[in-house]
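The values are calculated or read from the model by the stated rules, or taken from the named source; none is laboratory data. Note that the structure is a prediction, hence the values are computed from the model and not measured. Positions of Cβ are backbone-derived with ideal geometry, glycine not excepted, and every protein chain shown enters the neighbour counts. We work out accessible area using only protein heavy atoms, side chains counted, and drop any ligands, DNA or RNA first. Shrake-Rupley method; radii C 1.70, N 1.55, O 1.52, S 1.80 Å.
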Amino acid sequence: MRVIIVGFGTVGRSFAQLIQLKNEWLKTRYGIIPQIVAIVDRGGAFVNEDGIRLVDALSTREKHGTVAAHDVWGLQKATALDVINEVEADILLELTPTRLPDGQPGLTHLEAAIKKSLNVVTTNKGPLAVAMPSLIELAQYQQVQIRFSGTVGGGTPILNFAKECLDGDKIESAQGILNGTTNYILTRIFEASIPIEEAIREAQQAGYAEADPTLDVSGLDTACKLVIISNWIMGRRITIKDVEVEGISRLSEREILDAKREGKAVKLLGRVDQEGSSVHPRSVSIADPLCVNGTLNSIAFKTELAGKVTLIGAGAGGRETATAIMRDLIDIKKMLLR
Ligand SMILES: NC(=O)c1ccc[n+]([C@@H]2O[C@H](COP(=O)([O-])OP(=O)(O)OC[C@H]3O[C@@H](n4cnc5c(N)ncnc54)[C@H](OP(=O)(O)O)[C@@H]3O)[C@@H](O)[C@H]2O)c1
């Protein structure tokens, strides 16, 4: 499996560490020998078509801030598109930041790779939120696989669970807490009766919120995940423009504390059903399994036959999300063997 990695931040580096650790296991259990042939960050690329020694890439990046600084294999002027177009590979891992409203640069990277008949794995929600129906169509046309299990729930296999384990049943709706940052903020207000601004500052200090928390707080991050669930699980061809979105910024501490007195907690809930998709803060009984705290995520699938099934797990984290990439690589390998 010749792999190009575009984006060598938290997730990219965690993935590199994980495959060093699990190399032997991947080979004996799944017959997968991933050979990383190029890694790209904003500083340029590290390319070795015979296979990169990941310790070299990780240490170059740590010492110099970019993999392109390697004295033998570094290419400081190379862009992700140069590498996708010129380096021979089977799979692109697209791990650049989620950007809205255009999904770039990830969207261009994914389209270029699919057009070159590469299979693609991404943890970047942006391109899917903006163009999931057309990306899936393009991948089908090119007869390649596109996988993105790390985009929803981090390492918690929400998409795989709904797609594979609920086979034979019909999912009528999905509702859940899909953003760990806002869940942490709402949990802190609930527990400590602090204003939202202070809870956001705490989340930033704890490393759960970005310096600019807009994507999370506005509800757009949850909306991106709903687009992915709608297309992949519910068969509804939508993009982010079709999701009704309300974030948590207009919530008052008082609303949260009033709900608490009634045995409820206010949570930012994403919901998809046959009527549509929406993100809103809503009160949930604290006895409901959906009502998880801190940075946890949860999702309840309402099914026609099995009733309500709820899944809970860590929604993000480098190591956790890297396991989702492994899952996707194994899945692609299985598809290629069919
Ligand atoms: N972190 C998590 O827990 C988590 C969980 C689930 C999903 N995700 C998603 O996974 C993706 C990666 O997350 P992350 O936390 O690893 O982000 P990150 O730490 O910000 O890393 C992003 C990487 O992308 C590189 N990059 C940005 N623009 C680029 C371009 N035009 N060409 C090549 N490389 C470029 C950056 O380069 P520089 O290093 O040079 O800046 C950096 O290496 C995001 O879309 C995120 O939403 C993250």
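Observations, loosely collected:
- Long-range neighbours under 8 Å by Cβ, at least six apart or interchain, first residue charged (D, E, K, R) and at pLDDT below 95 within the stretch 268-281, second open to solvent by 30 Å² or more (accessible area, probe 1.4 Å) and outside any strand (DSSP E or B): none
- None of Gly307, Gly315, Gly276 is within 16 Å of the ligand (Cβ to nearest atom) and not hydroxyl-bearing (Ser, Thr, Tyr) except Gly315.
- Restricting the stretch 12-33 to residues that are away from the ligand (no atom under 13 Å from the Cβ) and of a type in the set (Lys, Arg), the residue that is least open to solvent (accessible area, probe 1.4 Å): Lys22
- One residue from Val245, Val292 being away from the ligand (no atom under 16 Å from the Cβ), under 30 Å from Gln17 (Cβ atoms) and in contact (Cβ under 8 Å) with a residue 12 or more places away in the chain: Val292
- Screening the candidates Thr151, Thr96, Thr79 for the property of being of a type in the set (Ser, Thr, Tyr), crowded, with 24+ Cβ neighbours inside 10 Å, modelled with pLDDT of 95 or more and within 24 Å of Ile52 (Cα to Cα) yields one hit, Thr96.
- Checking Ile52, Ile4 one by one, the residue that is part of a strand (DSSP E or B), within 16 Å of the ligand (Cβ to nearest atom), under 26 Å from Gly155 (Cα atoms) and modelled with pLDDT of 95 or more is Ile4 and no other.
- Residue check, Thr66 closer than 24 Å to Val144 by Cβ and of a type in the set (Ser, Thr, Tyr): no
Let's see how each residue does on (1) within 18 Å of the chain's Cα centre (by Cα); (2) of a type outside the set (Gly, Ala, Ser):
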site: Asp102; (1), (2): yes, yes
site: Gly106; (1), (2): yes, no
site: Val121; (1), (2): yes, yes
site: Ser134; (1), (2): no, no
site: Tyr141; (1), (2): no, yes
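- Pairs, first within 14 Å of the ligand (Cβ to nearest atom) and among the hydrophobic types (A, V, I, L, M, F, W, C) in the stretch 103-124, second outside any loop (DSSP other than H, G, I, E, B) and open to solvent by 20 Å² or more (accessible area, probe 1.4 Å), C-beta under 8 Å, six or more apart: Leu107/Val130; Ala112/Leu81; Ala112/Asn85; Val120/Arg147; Val121/Arg147
- Restricting attention to the stretch 237-251, the residues that are assigned to a loop (DSSP other than H, G, I, E, B) and open to solvent by 50 Å² or more (accessible area, probe 1.4 Å) total 4.
- Criterion: under 30 Å from Trp25 (Cα atoms) and open to solvent by 50 Å² or more (accessible area, probe 1.4 Å) - qualifying residue of Leu311, Leu305, Leu329, Leu336: Leu336
- Qualifying residue in the stretch 322-335 (condition: more than 20 Å from the chain's Cα centre (by Cα) and in contact (Cβ under 8 Å) with a residue 12 or more places away in the chain): yes
- In the stretch 55-76, of all residues being among the hydroxyl-bearing types (Ser, Thr, Tyr) and more than 11 Å from the ligand (Cβ to nearest atom), the one that is surrounded by the fewest Cβ atoms within 10 Å (Cβ to Cβ) corresponds to Ser59.
- Condition check for Gly9 on (1) of a type in the set (Gly, Ala, Ser); (2) crowded, with 16+ Cβ neighbours inside 10 Å; (3) within 15 Å of the ligand (Cβ to nearest atom): one failure, at (2).
- Only a single item in (1) away from the ligand (no atom under 12 Å from the Cβ); (2) charged (D, E, K, R); (3) farther than 24 Å from Thr321 by Cβ is not met by Asp82, and it is number (1).
- Summed over the stretch 213-228, residues that are more than 13 Å from the chain's Cα centre (by Cα) and either touching a residue at least 40 places away in the same chain (Cβ under 8 Å) or at positive phi (or both) total 3.
- Residue in the stretch 255-263 that is out of contact with any Gly (no Cβ under 8 Å at 6 or more places or on another chain), closer than 28 Å to Ala192 by Cα and not in a helix (DSSP H, G or I) present: yes
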